[in-house]
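I have placed the structure first, in the form of structure tokens, so that the comments after it can refer back to it.
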Amino acid sequence: ETPEQEKVYYALGEDLVGAAAEHRFIMTREHYNRISPQKQSDGNSKSQLRMAVPIIFKDRLLGVIGIGEIENPIGNEGELLKMIADIAGVALFNQIIFNDAQHKANTDSLTGLNNRNYFSQMSQHYVEKSLREGTVISFFLFDIDNFKNYNDTNGHNAGDKLLIELSKLLRSASRKSSIVARYGGEEFIV
């Protein structure tokens, strides 16, 4: 995308790109005009795309690749674009899996807060930034007094519920830019 270009969005079924996404197969401008004569491009189309192919992996639509006019077509452009879309599908799906695994590795499973490892990584980044820019950084570390007694008296389910509710309160009372983490059993840090 160049500065003079603007982003273009398509609804499912809208124009060539939306039709390729809806029908989940390669769509050329000519094919689109045949199956949707009432929607045929009258020059007001958002794009000058000539062909679109959906990016699908494991029956999940991840996007659409479109190409414009081909100067010297050789006849196998659809096959090439389909191969590119298949490779893009695998790459995008792998990125989704990686992001999910990374999120799980950085998150405390009980509270949904960041974990100690993630906090350590991010605090190093923010300390270095603070030193570089000469800005102030603050840490807030606390624990729940007599938590073991609370757990022993009320049961571990009640202790878990307390940790979850405290985490929600801590998250809502902290700035969005703050790193909020469960530091240990009943220890928290911001």
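The values are calculated or read from the model by the stated rules, or taken from the named source; none is laboratory data. In this text the structure is predicted, and so the values were computed from the model without any measurement. We place every Cβ from the backbone using ideal geometry, glycine too, and count neighbours over all the protein chains shown. All accessible areas refer to the heavy atoms of the entire protein, side chains included, with ligands and DNA or RNA removed. Shrake-Rupley method; radii C 1.70, N 1.55, O 1.52, S 1.80 Å.
Here are the numbers:
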read-out	value
Members of segment 91-109 found to be surrounded by 14 or more Cβ atoms within 10 Å (Cβ to Cβ) and assigned to a helix (DSSP H, G or I), listed by number	Leu92, Phe93
Pairs, first without any contact (Cβ under 8 Å) to a residue 12 or more places away in the chain in segment 128-145, second in a loop (DSSP other than H, G, I, E, B), C-beta under 6 Å, six or more apart	Ser130/Ile137
Matching residues, segment 111-152, being in contact with a helix residue (DSSP H, G or I) (Cβ under 6 Å, 6 or more places away or on another chain), assigned to a loop (DSSP other than H, G, I, E, B) and within 21 Å of Glu165 (Cα to Cα)	Thr111, Leu113
Of residues in segment 148-190 being within 24 Å of Asn106 (Cβ to Cβ) and among the aromatic types (Phe, Trp, Tyr), the one most open to solvent (accessible area, probe 1.4 Å)	Tyr183
Within segment 51-86, tally of residues that are of a type in the set (Val, Ile, Thr) and over 24 Å from Lys7 (Cα atoms)	1
Conditions (1) free of Cβ contacts under 8 Å to residues at least 60 places away in the same chain; (2) surrounded by 13 or more Cβ atoms within 10 Å (Cβ to Cβ); (3) farther than 30 Å from Met51 by Cβ; (4) basic (Lys, Arg); number of the one not met by Arg116	(1)
Filtered residue count, segment 162-190, keeping only those that are out of contact with any helix residue (DSSP H, G or I) (no Cβ under 9 Å at 6 or more places or on another chain) and either part of a helix (DSSP H, G or I) or among the β-branched types (Val, Ile, Thr) (or both)	10
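So that you can scan it fast, the table gives a plain yes or no per residue for (1) at pLDDT 90 or above; (2) loosely packed, with under 15 Cβ neighbours inside 10 Å:
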residue: Pro37; (1), (2): no, yes
residue: Arg50; (1), (2): no, no
residue: Leu61; (1), (2): yes, no
residue: Pro73; (1), (2): no, yes
